[in-house]
Amino acid sequence: MGAKPVARLGFEAWEDFVAFLSQQDAGRGLFMRSRQPLPAGTEIDVDLGFPNGSRLSLAARVIDADCDPRTGDLGLRIQIAHMSAEQAAFLQAAIQRASAAGLRSGGSVRDSRGYQLRFSEVIRLIDASKFSKAEKLLLGMLEDAPEDRGAQIWLLVCRARRHRARFATEDAAAAYREILALDPDHGEACTELDAIADEARQSQEIFQRVFGSTKEP
């Protein structure tokens with residue numbers, strides 16, 4: 001078996017690292033430009049070079065070919081396959097440093113690249129089921145901008161997914177209904193509320209089949 005392909009990404013400024021992470025899309029991974037098309041599922045190594053000279057190599061997997069909607073550049077969507085505790089700590093420190101640099105650059109909280117980076121980190125944490133950390137970040141963002149509808153919705157998504165993970169179905173449904181009050185076309189909320197309703201019907205059918213009707217004669 002040959003060596004895995006290596007994708008090398010160098011960031012001359014912390015803002016470049018922020019821009020890379022801001023491409024994060026829940027469920028779609030990270031976009032990187034590539035002249036070499038690779039089939040979905042291909043395992044690769046991603047070598048990241050930071051402005052302070054440090055480097056980090058991570059194992060990743062190709063999700064699919066894609067193009068940058070902003071530039072039209074062809075490339076790949078990749079997903080980090082796994083990382084050690086040491087790699088995670090290194091990456092978290094880099095994210096915090098980049099976030100601080102972005103916030104120092106000026107501009108409004110919502111328009112700053114530091115803000116975009118925090119949103120990317122929120123999505124990553126929620127996808128990793130690290131709901132408490134994601135909620136803490138979102139609450140901090142809402143302290144800076146209480147009217148931020150995007151952060152309000154993601155906070156509810158975070159809570160709804162946590163309830164689902166704990167099988168607290170009614171609480172999850174309540175959170176999803178709050179999301180629909182803010183965004184009536186929210187895809188996840190619509191899908192999950194339908195799923196919760198189906199689960200309730202199935203549970204009722206199983207109960208009646210096993211125990212019979214609970215109605216008094």
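Testing Phe90 on (1) buried (at least 16 other Cβ atoms within 10 Å of the Cβ); (2) more than 27 Å from Asp144 (Cβ to Cβ); (3) modelled with pLDDT of 80 or more, one condition comes back false. Which one is that?
Condition not satisfied by Phe90: (2).
Restricting to the range 51-65, count the residues that are out of contact with any helix residue (DSSP H, G or I) (no Cβ under 9 Å at 6 or more places or on another chain), surrounded by 15 or more Cβ atoms within 10 Å (Cβ to Cβ) and either not hydrophobic (A, V, I, L, M, F, W, C) or not assigned by TED's automatic domain parsing to the domain that holds Phe11 (or both).
Final tally of qualifying residues: 1.
Within the set of pairs 6+ apart or on separate chains, which have a first residue in the range 196-212 that is over 26 Å from Ala165 (Cα atoms), a second that is among the aliphatic types (A, V, I, L, M) and modelled with pLDDT of 70 or more, and C-beta atoms under 6 Å apart?
Qualifying pairs under 6 Å: none.
Just to be sure before I move on: is Ala59 at pLDDT 85 or above, assigned to a strand (DSSP E or B) and either on the phi > 0 side of the Ramachandran plot or among the hydrophobic types (A, V, I, L, M, F, W, C) (or both) in the structure I sent?
So Ala59 fits the description; yes.
Could you list, in sequence order, all residues of the range 180-199 that are exposed (fewer than 13 other Cβ atoms within 10 Å of the Cβ), under 19 Å from the mean Cα position of the chain (by Cα) and under 18 Å from Glu170 (Cβ atoms)?
Within the range 180-199, just Thr191 meets the criteria.
What pairs come up if the first residue lies in the range 162-181 and is among the β-branched types (Val, Ile, Thr), the second is outside any helix (DSSP H, G or I), and their beta carbons are under 9 Å apart, counting only those six or more places apart or on different chains?
That search, which allows pairs on different chains as well, returns Ile179/His186.
The values are calculated or read from the model by the stated rules, or taken from the named source; none is laboratory data. Quick caveat: nothing in here was measured; it's all calculated off a predicted structure. No Cβ is skipped: glycine too gets one built from the backbone with ideal geometry, and neighbour counts run over all protein chains shown.
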